[in-house]
1. Examine segment 2-17 for a residue that is part of a helix (DSSP H, G or I), aromatic (Phe, Trp, Tyr), modelled with pLDDT under 95 and farther than 24 Å from Gln72 by Cα, and state whether such a residue exists.
2. Which members of segment 47-74 meet the condition of being surrounded by 13 or more Cβ atoms within 10 Å (Cβ to Cβ) and within 10 Å of the chain's Cα centre (by Cα)?
3. Out of all the residues in segment 1-17, which are open to solvent by 70 Å² or more (accessible area, probe 1.4 Å) and farther than 23 Å from Arg71 by Cβ?
4. Looking at segment 46-62, I want the residues that are closer than 14 Å to Glu7 by Cα and have a partner that is small (Gly, Ala, Ser) and open to solvent by less than 70 Å² (accessible area, probe 1.4 Å) with Cβ atoms under 8 Å, at least 6 apart or on another chain. Which pairs are those?
5. Go through segment 23-45 and give me each residue that's touching a helix residue (DSSP H, G or I) at 6+ places or on another chain (Cβ under 6 Å) and open to solvent by 90 Å² or more (accessible area, probe 1.4 Å).
Amino acid sequence: MYKRIRELREDRDLLQSDIAKYLNCTQVAYSNYELGKRDIPTDILIKLSLFHNTSVDYILGLTDETTVYPRQKS
């Protein structure tokens, strides 16, 4: 999982600080997610999946399919 969020970020040529700003956390906190030093909370996983237009399952390593599922209408 941690490798995937780093790869998603790097594929878009973004810095950790760019993602941290979107998530409203510090660069250090986000770095700890990428390094596996800190568990990623569910709300952060959801935000990352929306940001990268992929599924939480992909980020968690449950699938290799990057295609996002249809979203529920609120």
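The values are calculated or read from the model by the stated rules, or taken from the named source; none is laboratory data. Small disclaimer: the values here were computed from a predicted structure and weren't measured. As a convention, Cβ positions derive from the backbone with ideal geometry for all residues, glycine included, and neighbour counts pool all protein chains shown. Areas reflect the complete protein model, heavy atoms only, side chains present, ligands, DNA and RNA absent. Shrake-Rupley method; radii C 1.70, N 1.55, O 1.52, S 1.80 Å.
1. If we filter segment 2-17 for residues that are part of a helix (DSSP H, G or I), which is where we start, we get 2-11, 16-17.
With aromatic (Phe, Trp, Tyr) added as a condition, the list becomes 2.
Add one more test, that the residue is modelled with pLDDT under 95, and what stays is 2.
Then keep just the ones that are farther than 24 Å from Gln72 by Cα; that gives 2.
Checked against the condition, which is being part of a helix (DSSP H, G or I), aromatic (Phe, Trp, Tyr), modelled with pLDDT under 95 and farther than 24 Å from Gln72 by Cα, segment 2-17 yields at least one hit.
2. Result: Lys47, Leu48, Ser49, Leu50, Phe51, His52, Thr54, Ser55, Val56, Tyr58, Ile59, Leu60.
3. Lys3, Arg6, Glu10, Asp13, Leu15
4. These pairs meet every condition: Ser49/Ser55; Tyr58/Ser49; Ile59/Ser49.
5. Arg38
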